[in-house]
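The values are calculated or read from the model by the stated rules, or taken from the named source; none is laboratory data. Every value quoted in this text rests on a predicted model; they were computed, and no experiment measured them. No Cβ is skipped: glycine too gets one built from the backbone with ideal geometry, and neighbour counts run over all protein chains shown.
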Amino acid sequence: MAEVALRQVVKKYGDVEAVRSIDLDIPNNEFVVLVGPSGCGKSTTLRMIAGLEEITSGDISIGGEIVNDLPPKDRDIAMVFQNYALYPHMTSFENMAFGLKLRKFSKAEIKQRVEHAARILDISELLERRPKALSGGQRQRVAMGRAIVRNPKVFLFDEPLSNLDAKLRVQMRTEIKRVHQKVKTTTVYVTHDQVEAMTLADRVVVMNNGIIEQIGPPQELYHKPRTRFVAGFIGSPAMNFIPCTIEAHGDGLRVRVSDTIALPVPAARAAPYRSAVGKEMTFGLRPEHITEPRPGNGAGNGNGDTDFAAVLDVVEPMGMETMVFFTINGTEVCGRVEPTAAGEAGTSMRLHANMDHMHLIDPATGLVL
């Protein structure tokens, strides 16, 4: 078994607390992604698991064994770095085999392991090439192969796709997911790219300012964020946040976002929101839930009060959809509409808010109600 557990782990650099008493359990064979902005503590956490950073306090265990005092070579982990870290004078085969040679594996065993990894990564024809003769994606595959041949308890990835261009990143993202499906090994992956986190992870760990904001499957974090930070960080374009007031309206509630726009709260959401009546709150709604009125989305079906008019500030055609930007009470808002639905910038457009997907956030605590 190769479960990884962190208990009350703290990392300080002098008076600066980079990681603040985090707890994390990673079951055997799970692919966990640590994601967050620069300086949030995600890479520091990965390096502490690897043994490249000493922990200030707390415990880290791998496979049930506390490894606080074990050097990296004795933790049975394999790490893939952002910069590949390949030896330029060695062939791909020699780079992948190097760690096994140091551990005195037989030539036959080394050959078998390297060729097996090369087949998984589809680089069998590249084994005799040196790094300078490889593309960025091919070098990253060799670096992954070097980790796979070790057959470690845990794979650690430290922003491995950061040096690749956008198209190659997408290809390698798919490759990494495919490899994990074949080589079921516990994996901890660090990235600042929330799209990578969403597409790769079994579970995502969102970090901010040295703490864990939320842990969960990608879809849970996307649809049920617990804090404003998670709601804004997960999703591209980001969730819209609009200052609002909750007001009673007959037997129900409304979200007042401007003098002219008050959107009805769905009946199923009314009970937990009643305590917020009369308070200044933050209304959250993702761009894909602000569209042109469409048959079946409530417009013309007794729910037309979820429609509103806005003057478009910017229109961005994207091919399969168009992004529209407008302002509500001084706050910029983004919507996603059908390609032919939007007019030109400066024109008024009728829009529809899907309130079934609304979020209400307490601005004082940053918590989602």
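Observations
- Checked against the criterion of being assigned to a loop (DSSP other than H, G, I, E, B), hydroxyl-bearing (Ser, Thr, Tyr) and exposed (fewer than 15 other Cβ atoms within 10 Å of the Cβ), the range 357-365 has at least one qualifying residue.
- Of residues in the range 148-158 being closer than 21 Å to LEU102 by Cα, under 23 Å from the mean Cα position of the chain (by Cα) and of a type outside the set (Phe, Trp, Tyr), the one surrounded by the fewest Cβ atoms within 10 Å (Cβ to Cβ): VAL154
Let's see how each residue does on (1) touching a helix residue (DSSP H, G or I) at 6+ places or on another chain (Cβ under 8 Å); (2) of a type in the set (D, E, K, R); (3) surrounded by fewer than 18 Cβ atoms within 10 Å (Cβ to Cβ); (4) within 23 Å of GLY232 (Cβ to Cβ):
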{"position": "VAL257", "(1), (2), (3), (4)": "no, no, no, yes"}
{"position": "ILE261", "(1), (2), (3), (4)": "no, no, no, yes"}
{"position": "GLY278", "(1), (2), (3), (4)": "no, no, yes, no"}
{"position": "THR322", "(1), (2), (3), (4)": "no, no, no, yes"}
{"position": "THR327", "(1), (2), (3), (4)": "no, no, yes, yes"}
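- In the range 337-354, of all residues being surrounded by fewer than 20 Cβ atoms within 10 Å (Cβ to Cβ) and under 27 Å from the mean Cα position of the chain (by Cα), the one that is farthest from ARG286 (Cα to Cα) corresponds to GLU338.
- Among all residues of the range 113-129, there is none that is at pLDDT 85 or above, in contact with a Pro (Cβ under 8 Å, 6 or more places away or on another chain) and within 21 Å of ASP76 (Cα to Cα).
- Only one of the numbered conditions (1) surrounded by 15 or more Cβ atoms within 10 Å (Cβ to Cβ); (2) free of Cβ contacts under 8 Å to residues at least 24 places away in the same chain; (3) acidic (Asp, Glu) is not met by ASP305, and that is (2).
- Against the conditions (1) crowded, with 17+ Cβ neighbours inside 10 Å; (2) in contact with a Leu (Cβ under 7 Å, 6 or more places away or on another chain); (3) outside any strand (DSSP E or B), PRO272 satisfies every one except (1).
- Search result, residues across the range 239-266 that are within 31 Å of the chain's Cα centre (by Cα) and farther than 16 Å from ASN329 by Cα: MET239, VAL265, PRO266
- Residues (surrounded by fewer than 17 Cβ atoms within 10 Å (Cβ to Cβ) and over 13 Å from PHE283 (Cα atoms)) located in the range 233-246: SER236, PRO237, ALA238
- All helices (runs of 4 or more DSSP H) inside the range 81-200 with 3 or more residues being assigned by TED's automatic domain parsing to the domain that holds CYS40 and of a type in the set (Val, Ile, Thr): 107-121, 166-182
- Being assigned to a helix (DSSP H, G or I) and surrounded by fewer than 16 Cβ atoms within 10 Å (Cβ to Cβ) is not true of VAL230.
- Checking each residue in the range 220-239 for being free of Cβ contacts under 8 Å to residues at least 40 places away in the same chain and among the hydroxyl-bearing types (Ser, Thr, Tyr) picks out only TYR222.
- In the range 330-369, the qualifying residues are those that are at pLDDT 90 or above and among the polar types (S, T, N, Q), and the one that is farthest from ASP259 (Cα to Cα) is THR365.
- Pairs where the first residue, in the range 46-72, is among the charged types (D, E, K, R) and the second is assigned to a helix (DSSP H, G or I) and modelled with pLDDT of 90 or more, C-beta under 7 Å, 6+ apart: GLU53/THR44; GLU53/ARG47
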